[in-house]
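Everything below concerns the one structure shown next.
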Amino acid sequence: MRYEVVVAGGLLVTGQGVVEAHLGITGGRIVAIAQEPLTGDEMIDARQRVILPGAVDLHVHFNDPGRAHWEGWGPGSRAAAAGGVTSVVDMPLNCLPPVTTVEALRAKLAAASGQSMVDYALWGGLITDNREHLAGLADGGVIGFKAFMSHSSTEEFTHVEDGVLFDGLLRLRELGHFLAVHAESNAITQDRMRRLQASGRRDRRAWGEARPPIAELEAIHRILFLARQANCPVHIVHMSLPEGAEMIHAARTGGQAVTVETCAHYLSLTENDLIRLGPVAKCAPPLRDPDRQRGLWEAVLDGRIDCITSDHSPCPVEDKARGEDDIWAAWGGITGIQTLVPLMLTEGVHRRGLGLERLVALLSTTPAKIAGLWPRKGEIRLGADADLLVVELERPWRVEAEWLYSRHRQSPFISRESIGWIERVLLRGRTIALDGRVVDEPHGEWLRPVRSGRGGAES
């Protein structure tokens with residue numbers, strides 16, 4: 001049999017283990033996994049290479065429509081492609097309008113159509129006054145809903161107090177959906193920020209002091225309680241603390257439906273890097289101390305963290321630069337989608353012994369399950385989309401600004417030494433990036449979730 005594309009001779013990292021084999025691809029899907037050589041119209045020599053499924057990034061902000069000058073579907077998705085992310089799930093805020101109504105969902109789909117280099121799914125939002133729109137958004141194809149327990153930094157996407165939060169959980173349970181939560185206490189963070197600003201503090205360290213660990217832990221405790229009472233699945237986004245991982249693990253062990261992500265920047269940077277680098281490393285929750293980072297890595301390695309995301313949240317250079325002497329004035333977000341996979345190859349696989357199968361679970365399989373995109377996405381298996389990374393695992397290289405595809409080429413990871421080069425990226429069998437450069441035209445497709453009876457994923 002002849003296939004449209006054959007990936008020949010690579011070391012495949014699959015859900016059943018790591019095996020040297022050949023892949024046959026036809027119609028954009030994996031249709032053969034074989035020990036014997038295969039024949040194809042296009043032959044990709046993957047000998048001495050590792051083949052991973054494309055990453056599924058659950059947490060990105062492309063800011064389009066309305067703030068495309070911050071990023072946009074074109075630059076953001078090209079950055080994803082060059083970095084080995086073949087499916088993204090775009091958050092409902094930072095675009096205008098935010099995705100809190102069906103009309104806004106249609107506007108975002110129109111903005112993405114014909115512009116995205118990678119496949120994409122969308123989150124809906126839960127804010128103060130849109131509960132009547134949740135059912136329409138669910139029917140419209142969002143994968144889940146996002147809410148903030150603290151100020152979101154954009155006035156149009158309001159954070160929710162407990163009354164709205166609990167009612168939203170009840171409604172989402174009835175819809176068979178789940179809620180993703182930015183878990184920081186608004187009361188604690190706002191009080192700390194006001195007092196620090198009143199005392200004249202504008203230094204970089206003040207940002208972390210305004211958002212201490214207790215603010216995140218209190219919010220995690222509260223959302224776990226409310227979600228348990230509502231019997232609604234929840235997903236905790238960008239969790240930065242080992243203590244938080246332990247709380248969530250205990251809840252899950254007790255039978256609660258909860259998943260959790262952390263981000264590449266919490267595993268690669270500490271609060272000392274914010275002091276050294278400045279606003280380019282400002283994010284919320286803030287970067288933590290080295291001891292907590294070590295504890296967070298332990299949680300990743302022992303299975304208490306479900307997935308790793310980028311929380312890609314870019315902005316114009318001037319929105320970072322204005323915080324050089326006043327940290328409060330800088331936008332809080334890190335440009336990180338293109339460095340997500342390289343950082344985890346370097347910091348996880350090479351420096352901490354993270355197994356390749358666990359890497360795939362964290363970056364691909366579990367996020368695809370949480371989003372309702374598995375088994376089409378997130379795994380090398382028969383019938384799945386042929387979203388693949390051909391990786392030269394031992395190759396050293398350095399992150400350079402010229403490699404970045406984001407609209408504004410700023411990153412806390414520029415000049416960082418890395419190990420593991422993504423040589424080729426395939427989306428549904430087509431090569432979209434080669435040797436770090438995007439080589440195809442946009443043909444990303446909208447992904448609607450497939451649910452198995454409840455929102456969220458089996459963890």
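Once the C-beta distance of I214 and E318 is scaled by a Förster radius of 41 Å, the resulting FRET efficiency is 0.80 to the nearest 0.05. Restricting segment 1-100 to trypsin sites (Lys or Arg not before Pro) that sit in a DSSP loop and have at most 12 other Cβ atoms within 10 Å of their own Cβ leaves R47.
Only bridges whose two residues both fall in the chain count here: according to DSSP, what percent of them are antiparallel, nearest 5?
That works out to approximately 50 percent antiparallel.
With contacts defined as alpha carbon pairs under 8 Å and 6 or more residues apart, what's the relative contact order of the chain in percent?
Numbers: 1130 pairs, mean separation 97.7, N = 459.
In percent, rounded to a whole number, it is 21.
Subtracting the Cα-Cα distance from 0.36 nm times the residue separation, let me have the gained length for L382 to A34 in nm, one decimal.
Working: separation 348, 0.36 × 348 = 125.28 nm, distance 1.08 nm.
Contour length minus Cα-Cα distance gives 124.2 nm.
Amide H contacts for K146 (H built 1.01 Å from N in the peptide plane; partners 5 or more residues away or on another chain; cut-off under 5 Å): G124, G125, L126, A180. Among the GluC sites (Glu not before Pro) in segment 372-422, those located in a DSSP loop and surrounded by at most 13 other Cβ atoms within 10 Å of their own Cβ are E400. To the nearest ten degrees, helix 73-82 and the longest principal axis of the Cα atoms of the chain are 50 degrees apart. Annotation for segment 306-348 versus segment 194-244: alpha-carbon center distance of 18 Å.
Multiplying the residue separation of D273 and L393 by 0.36 nm and subtracting their alpha-carbon distance yields 40.5 nm.
Taking Cα atoms only, the orientation of helix 186-198 departs from the longest principal axis of the chain by about 70 degrees.
Put a dot 7 Å past the Cα of V450, heading toward its Cβ, do the same for E161, and the two dots end up 4.3 nm apart. With a cut-off of 14 Å between beta carbons, the residues surrounding G125 carry a summed charge of -2, where Lys and Arg count +1 and Asp and Glu -1. 3J(HN,Hα) along segment 104-116, derived from phi through the Karplus expression 6.51 cos²θ - 1.76 cosθ + 1.60 where θ = phi - 60°, amounts to 5, 4, 4, 5, 5, 4, 5, 5, 7, 4, x, 10, 8 Hz, with x in place of Gly and Pro. Taken one residue at a time, the phi angles of segment 341-351 give Karplus couplings (6.51, -1.76, 1.60, θ = phi - 60°) of 5, x, 5, 6, 5, 6, 6, x, 5, 7, 9 Hz. Gly and Pro are set to x. Evaluate E = 1/(1 + (r/R0)^6) for Q229 and D191, where r is the Cβ-Cβ distance and R0 equals 35 Å; express this FRET efficiency to the nearest 0.05. For R0 = 35 Å, the calculated efficiency reads 0.85.
Lys and Arg at +1, Asp and Glu at -1: add these up for the other residues within a Cβ distance under 14 Å of R192 and post the number. Computed value for this residue: 0.
Within the straight-line cut-off of under 26 Å between alpha carbons, the lysines reachable from K108 are K146, K320, K369, K377, sequence neighbours fewer than 8 places apart in one chain being disregarded. What the Cβ-Cβ distance of V19 and S415 gives, at R0 = 30 Å and to the nearest 0.05, is a FRET efficiency of 0.25.
Around T26, what is the net charge, scoring Lys/Arg as +1 and Asp/Glu as -1 over all other residues with Cβ under 14 Å from its Cβ?
On the way: positive: R2, R29, R428, R430; negative: E4, D41, E42, D385.
Overall, the nearby charge balance is 0.
Applying the criteria of a DSSP loop state and at most 12 other Cβ atoms within 10 Å to the GluC sites (Glu not before Pro) of segment 66-171 yields E155, E161.
Rule-based calculations on the coordinates, nothing more; no lab input. Treat the numbers as computed from the prediction; the structure is a model and nothing was measured. Using ideal geometry, Cβ is built from the backbone for each residue, glycine included, and neighbour counts are taken over all protein chains shown.
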